[in-house]
Amino acid sequence: MLKTERILHVKTQRGRTLRAVREHYLREDVSCGSPQCPACARDGKLLSEDLTHYVVPDCQVLQDYQEVLEFNELRGIIIMQTACQAVQHQRGRRQYLKLRNMLRDARHDCVFFPNEFQHYAYLPREMGESMEDWQTRCIYNSCVWYYQHCNARIPVIMVTEREDVIRRYGTETQGVYVLSFKDYLETFWPDLKGIQELYESVRQALCERETDSRESNGKEYQEHLPLEVLEAGIKSGRYKQGVLSVNKHRSQLEAFVRLQGLAGKDTDLQSDVLIHGTKARNRAIHGDIVAVEILPKCDWKGRTGALCENEADERAGDAQNDVMMTGRVVGVIQRNWRDYVATFPSKEEIQTRGKNAQKVLVTPWDYRIPKIRISTQQAEALKDYRVVVRLDSWESTSLYPNGHFVRTLGCIGDLEAEIATILVENSISMSPFSEAQLAEMPINSPENPWRVDTEECGRRDLRKTHLIFSIDPEGCEDVDDALSIRALKSGHLELGVHIADVTHFVKPNSYTDIEAKARATTYYLADRRYDMLPPILSADLCSLLGGVDRYAVSVMWELDSATYEIRRAWYGRTIIRSSYKLSYEVAQQLLDGDLEPLSTEPELKSLSQDSTHLDRLLWAIRKLTEVAQAVRSRRDIHGALELEGVEIRVQLGEEHNIVDLVPKQPLQVHETIAECMILANHWVAKKIWESYPQQALLRLHPPPRQEFFKELKESAQAKGFSIDTRTNKTLADSLDKANDPSDPLVNRLLRAMATQAMSNAQYFSTGSYTEDEFYHYGLALDKYTHFTSPIRRYADIMVHRLLLAAVNNGAKEHLVGNKDLEELCRHINNRNRAAQHCQKQSTELFQCMFFKDEDPEIDQRCICDAIIYSIRTNGVLLFIPRYGIKGPAYLKNNEGLVLSFADDSCKWTIGSLQRLPGQITVITEGGKGTTFCLFDHVTVRIQIQTSRFHTDSIRLEIVSNKPHVTQEQPSVSSAYHSRNDLVREVTRTAIEAQLAKEGEAAENKVGKRHQEYQQTRGNSLYSLLQEIHELALLDVSGQ
């Protein structure tokens, strides 16, 4: 090893340049990553063996054309450390991370070579030599070393965009060639037209950027302040830092900045900053981290209180709510640009551009993104396609950002193209699993079936001692969890939660692990899913299917049989065999005493002839439900919230056509399974935090900001209810009391508003937060994590590794430190949000497809009942329970006409609107008024508003101010909620009495241990729960 010194010139935050000397070590045993090399160790990622040449991009090619190099078809790429560092320093963290991910990805045939640490590949910078010349010379010398190191077995091609470099080095060394990137692609990859087109698109964008910078004179926007000025201003408090969020309904007028400190955490300021208009936004794009200057109070504005159709109704901007803190963007701290889906203008619009037809303004699919100017000669050919574009720059002299065309996704309106659009818009890339990843998978075939190893050290065999079963959605393939409950000889109960042991198959830093980490989650769309793990694991060997042996990680508790208090817990690896794979609907039938599934479910048919096993299963389901109710009631006492969400299932026919949209009906077993999973997650969180207090992966849910409850409070007040939001306990109690006996939808909508006001739960590393910040507001738990779904969540895989290291004193070298874990948590949080948005957008897509081909004037499916849940200055927001649809309905249109009602009909006429708290009145020219109040039911017509540039949307039109009467029976939902409320109230009363008794015993300092668990006077809690179960079977839907 040779020690040298490197001189660096570092710029400080104040702009001063410092000379820094760093020790630089050179060695000869740096692995090259080539299988042609007989000397280096063949470990880590290697290039393919069947290559005809290696290609090495110089710094400029890597910076400008990295997206071209990301094509999987380009093989044998060697990325030099010199070029990699140039990307890091010149192009920022985002592009650098993309480069790192490409190098790690087994699908990309490329390797990283640390040429600046190889003794003979590295060249020091000479006196007076420019940085660009030194980087080029260093990379070329590394290419020569590489060729000689591989014993001249394979030629090396260096690609560049500099003609002087080609002239200087082109013929200097035999076997090492220097070509322009364009010549290289045309010579070696002539059949890859997509690569050629992308290269040309990027090249044109770079040329246009240079031309614009030379020709531009007048400025459309103010220049951004330098980064060092912004950082100093943020520290002094003059500027505020935050993430720009554009209102998609008012994208030309409204954007908001959620303030955060330098470390990226939200500040204590109880307000966002309004950025009004595009000039004040100053070229910042949705998602960018920006610095804002707060304007004087006299210039503050309020957010719009009117309904609007995105860009169609700018006049609605005049109706503003109370003013709020307003500012302007003075600089961009970090660009968070991504791939954007866009659409070219129609043929007529292109033709009107005359001689500038090569420059085209494309309209992004996302309303929040401005139009993008690209240079292309394919505008007419691509006018009917969804295309992917990337941003290159946004100069202060241009009204629009510059970008370039990347690829097509498919024709506008085609299902696969629209699904691909949703994936791209959420930065989801779902390439097939690579051969390297699949090579790590175990084999399970009829000829060579996979079997558990019963001799594996430290694994407890539960197959003969426990009745284990799973309860999941109908047709579920990736079964993460199974349950067991049994009576012990001691008289106590044992509750078990058994989770698929994914970590047995997915080893740390394996190709499968790296891919799972990148995906972070399984993505569920309305008609499909994209798995985090290969199918051999997700749908087979890790899935806890019925009747097969599987590895699991189990948590088992010993419970008091009367109070269900937890006495002790056990964690460890197990071997299980699930006896039954039940759906939620079947489990609910069995819980209700309905034995019809014994004749309809093949898996249960044997039980019709075996009463012993049937009684055992029925007892287990009932007992699980009783335990879950007791666990939930304890959380309720501490403030756990029961929130409301809208979940719609798309029912598809045999030919993939949409048969119906079915709202998910809540069942009692849903809560049973949820409570068991929450219990396991809570206890695992406590265990891993006790063992690794500085590097445990937990999940927190911060308290919501009080101003977000404003609409909830006002809506409840309109119905005579008072909502106390000081704590989660007071909020939960208030929501329980806000119940209208005549309309159960009122409580559902209030809970949905409370859900809307909540902050997002997020993963975090315990080393970055104080213990009082761990609290989960919604679940009312001091510590919480995700442990129960490792097949579909990478966070759970990390938690499994932590838990097994904690209970088995296992290998700790693969555990992640606090800093790396915090970065991983940010990535997982980002991917989880993308998964949620993706699922929501795909559901909305299928909702539109369901109604698109129907005639709204005659099809009865398009006429339905809706309830008003919010009032605006020119209309109302409606919720349609039948289809789970929310949307606006106008009472005043763009022409200024209002909607009048008479004799079960309506029409647009001259008039005005009068808005009061909780209601809005339509007053016609003749003085006649129609009033709409919050939570009123109206009849609406559903129509589809098509768009060439954006996704189709649902438009609601009120056709009657009276409820829509149908022949449908009351939904299962209301009956279930009535029974469930009764069950919970009785259980909570019993537990509160028990806790009060225990508290009284503690105050009296009773020393005997059995009195700590004493039961209430009269009937035992077990007897009460038996009575509750009988009550739950009663039909109270008519009460």
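Screening Y976 on (1) in contact with a helix residue (DSSP H, G or I) (Cβ under 7 Å, 6 or more places away or on another chain); (2) modelled with pLDDT of 90 or more shows it passes everything except condition (2). The set of residues in the range 650-683 that are touching a Leu at 6+ places or on another chain (Cβ under 8 Å), touching a residue at least 24 places away in the same chain (Cβ under 8 Å) and not aliphatic (A, V, I, L, M) comprises Q668, T672, C676, H682. Filtering the range 907-922 to residues that are open to solvent by less than 60 Å² (accessible area, probe 1.4 Å) and aliphatic (A, V, I, L, M) leaves L913, I920, V922. Taking the criterion of being open to solvent by 10 Å² or more (accessible area, probe 1.4 Å) and under 20 Å from P535 (Cβ atoms), the only residue of the range 479-502 that qualifies is D481.
Taking the range 923-936 as the range and being part of a strand (DSSP E or B) and surrounded by fewer than 18 Cβ atoms within 10 Å (Cβ to Cβ) as the test, the residues that pass are I923, G929, T931, C933. Mind checking which residues of the range 851-870 are closer than 11 Å to Q943 by Cα, in contact with an Asp or Glu (Cβ under 8 Å, 6 or more places away or on another chain) and open to solvent by less than 10 Å² (accessible area, probe 1.4 Å)? C862 - this is the single residue of the range 851-870 that is closer than 11 Å to Q943 by Cα, in contact with an Asp or Glu (Cβ under 8 Å, 6 or more places away or on another chain) and open to solvent by less than 10 Å² (accessible area, probe 1.4 Å). Might you let me know whether the range 535-546 holds any residue that is surrounded by 22 or more Cβ atoms within 10 Å (Cβ to Cβ), of a type in the set (A, V, I, L, M), under 25 Å from V684 (Cβ atoms) and touching a Leu at 6+ places or on another chain (Cβ under 8 Å)? Within the range 535-546, none of the residues are surrounded by 22 or more Cβ atoms within 10 Å (Cβ to Cβ), of a type in the set (A, V, I, L, M), under 25 Å from V684 (Cβ atoms) and touching a Leu at 6+ places or on another chain (Cβ under 8 Å).
Being open to solvent by 30 Å² or more (accessible area, probe 1.4 Å), of a type in the set (V, I, T) and assigned to a strand (DSSP E or B): is that true of T397 here? Taking the combined requirement at face value, the residue does not satisfy it. When R573 is tested against (1) out of contact with any Lys or Arg (no Cβ under 7 Å at 6 or more places or on another chain); (2) open to solvent by 20 Å² or more (accessible area, probe 1.4 Å); (3) assigned to a strand (DSSP E or B), exactly one condition is not met: (1). Note on the range 619-652: residues that are open to solvent by less than 40 Å² (accessible area, probe 1.4 Å), aliphatic (A, V, I, L, M) and closer than 30 Å to Y869 by Cα amount to 5.
The rows are residues; the columns are (1) under 22 Å from the mean Cα position of the chain (by Cα); (2) part of a loop (DSSP other than H, G, I, E, B).
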{"position": "H814", "(1), (2)": "no, yes"}
{"position": "E823", "(1), (2)": "yes, no"}
{"position": "M849", "(1), (2)": "no, no"}
{"position": "E857", "(1), (2)": "no, yes"}
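Checking the structure you have, find out if any residue of the range 80-99 is in contact (Cβ under 8 Å) with a residue 12 or more places away in the chain, outside any helix (DSSP H, G or I) and of a type outside the set (F, W, Y). Checked the range 80-99: at least one residue is in contact (Cβ under 8 Å) with a residue 12 or more places away in the chain, outside any helix (DSSP H, G or I) and of a type outside the set (F, W, Y). Taken together, the residues in the range 457-475 that are open to solvent by 20 Å² or more (accessible area, probe 1.4 Å) and among the acidic types (D, E) amount to 2.
Among all residues of the range 398-421, there is none that is in contact with a Gly (Cβ under 6 Å, 6 or more places away or on another chain), under 26 Å from E70 (Cα atoms) and among the β-branched types (V, I, T). Sub-8 Å Cβ pairs linking a first residue in the range 699-720 that is closer than 18 Å to R915 by Cβ and of a type in the set (D, E, K, R) to a second residue that is part of a strand (DSSP E or B) and modelled with pLDDT under 90, at least 6 apart or interchain, number zero.
Among the numbered conditions (1) touching a residue at least 12 places away in the same chain (Cβ under 8 Å); (2) open to solvent by less than 20 Å² (accessible area, probe 1.4 Å); (3) assigned to a helix (DSSP H, G or I); (4) in contact with a Leu (Cβ under 9 Å, 6 or more places away or on another chain), the only one that R616 does not meet is (2). Against the numbered list (1) within 30 Å of I621 (Cα to Cα); (2) part of a loop (DSSP other than H, G, I, E, B), I471 comes up short only at (2).
If you go through the range 817-849 one residue at a time, how many are open to solvent by 40 Å² or more (accessible area, probe 1.4 Å) and not acidic (D, E)? Qualifying residue count for the region: 12.
Conditions tested, residue by residue: (1) modelled with pLDDT under 95; (2) part of a helix (DSSP H, G or I).
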{"position": "I499", "(1), (2)": "no, no"}
{"position": "I514", "(1), (2)": "yes, yes"}
{"position": "A518", "(1), (2)": "yes, yes"}
{"position": "A526", "(1), (2)": "yes, no"}
{"position": "Y551", "(1), (2)": "no, no"}
{"position": "V555", "(1), (2)": "no, no"}
{"position": "E558", "(1), (2)": "no, no"}
{"position": "T563", "(1), (2)": "yes, no"}
{"position": "K581", "(1), (2)": "yes, no"}
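What about S142, is it over 30 Å from L361 (Cα atoms), in contact (Cβ under 8 Å) with a residue 60 or more places away in the chain and of a type in the set (S, T, N, Q)? When the stated conditions are applied, S142 passes them. Residues of the range 937-966 that are of a type in the set (D, E, K, R), open to solvent by 70 Å² or more (accessible area, probe 1.4 Å) and part of a loop (DSSP other than H, G, I, E, B): R948, K962. For first residues located in the range 424-447 and closer than 26 Å to S842 by Cβ, partners that are open to solvent by 80 Å² or more (accessible area, probe 1.4 Å) and not in a loop (DSSP other than H, G, I, E, B) and lie 6+ apart or on another chain with Cβ distances below 7 Å form the pairs N426/H837. The condition (being part of a helix (DSSP H, G or I), surrounded by fewer than 16 Cβ atoms within 10 Å (Cβ to Cβ) and not basic (K, R)) is satisfied by just one residue among E132, E116: E132. Counting the residues of the range 873-924 that are of a type in the set (D, E, K, R) and within 29 Å of D322 (Cα to Cα) gives 4. Of all residues in the range 889-906, those that are open to solvent by less than 50 Å² (accessible area, probe 1.4 Å) have Cβ atoms under 7 Å from Cβ atoms of residues that are modelled with pLDDT under 85, 6 or more apart or on another chain, in Y890/L307. For D322, the conditions (1) modelled with pLDDT of 90 or more; (2) open to solvent by 30 Å² or more (accessible area, probe 1.4 Å) are fulfilled apart from (1).
The values are calculated or read from the model by the stated rules, or taken from the named source; none is laboratory data. This one's a predicted model, so the numbers in the text were calculated from it and none came from an experiment. For neighbour counting, all protein chains shown are included, and Cβ atoms are generated from backbone atoms with ideal geometry for every residue, glycine included. Ligands, DNA and RNA are excluded from the accessible area calculation, which covers all protein heavy atoms including side chains. Shrake-Rupley method; radii C 1.70, N 1.55, O 1.52, S 1.80 Å.
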